[in-house]
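The values are calculated or read from the model by the stated rules, or taken from the named source; none is laboratory data. Keep in mind that this is a model prediction, so the values were computed, not measured. Every residue, glycine as well, gets a Cβ built from its backbone with ideal geometry; the counts of neighbours run over all protein chains shown.
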Amino acid sequence: MRFLVMVKATPDSEKDVMPDMELLQAMGRFNEELEKAGILLTGWGLKSSQHGARVHFDGKSRTVIDGPFSETKELVAGFWIWDCKDMDECLAWVKRCPNPMPGPSDIEVRPYHDASDFGEEFTAGMQEQEALLNSKLRAL
């Protein structure tokens, strides 16, 4: 089962405050543990929202809104994609993570949908197309 594990932004991360050497080393060791356990598929830190944009959709209309965005608690500062047997295993790994920020912080975990979640509308042809795309992405 795949999970998106999101490190939530903080006021410091939104000011582009970079982690110190100690935290970088601790996170590096944690990522190595994830990799050795076969859990880690990918992961990256994200630049603050001042470097980003949002696209608002309303029917056929598209509006680009440049960052920064004011609601820090709603922003993501980094992410991993993990492959765990279930939510319990994923949460056990999250609890082992070093605090990703200098002060209080949160990590949000969200499971991926799989084909069975979509029912009959997700046809065999669509499932084949998704499997092909996933195999290409794994090769990256």
Over the stretch 64-109, the set of residues exposed (fewer than 11 other Cβ atoms within 10 Å of the Cβ), part of a strand (DSSP E or B) and in contact (Cβ under 8 Å) with a residue 12 or more places away in the chain is I65
Does at least one position in the stretch 39-50 carry a residue that is assigned to a helix (DSSP H, G or I) and either at pLDDT 95 or above or in contact with a strand residue (DSSP E or B) (Cβ under 7 Å, 6 or more places away or on another chain) (or both)? yes
Residues of the stretch 123-140 being surrounded by fewer than 10 Cβ atoms within 10 Å (Cβ to Cβ) and in a loop (DSSP other than H, G, I, E, B), in sequence order, are A139, L140
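Test E120 against the stated conditions and say whether it is over 19 Å from the mean Cα position of the chain (by Cα), in a helix (DSSP H, G or I) and either under 30 Å from M18 (Cα atoms) or not small (G, A, S) (or both). First the steps, then the outcome.
Working: over 19 Å from the mean Cα position of the chain (by Cα): yes; in a helix (DSSP H, G or I): yes; either under 30 Å from M18 (Cα atoms) or not small (G, A, S) (or both): yes.
Yes, satisfied.
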Given the conditions (1) more than 30 Å from L132 (Cα to Cα); (2) surrounded by 12 or more Cβ atoms within 10 Å (Cβ to Cβ); (3) within 16 Å of the chain's Cα centre (by Cα); (4) at pLDDT below 95, every one holds for M1 apart from (1)
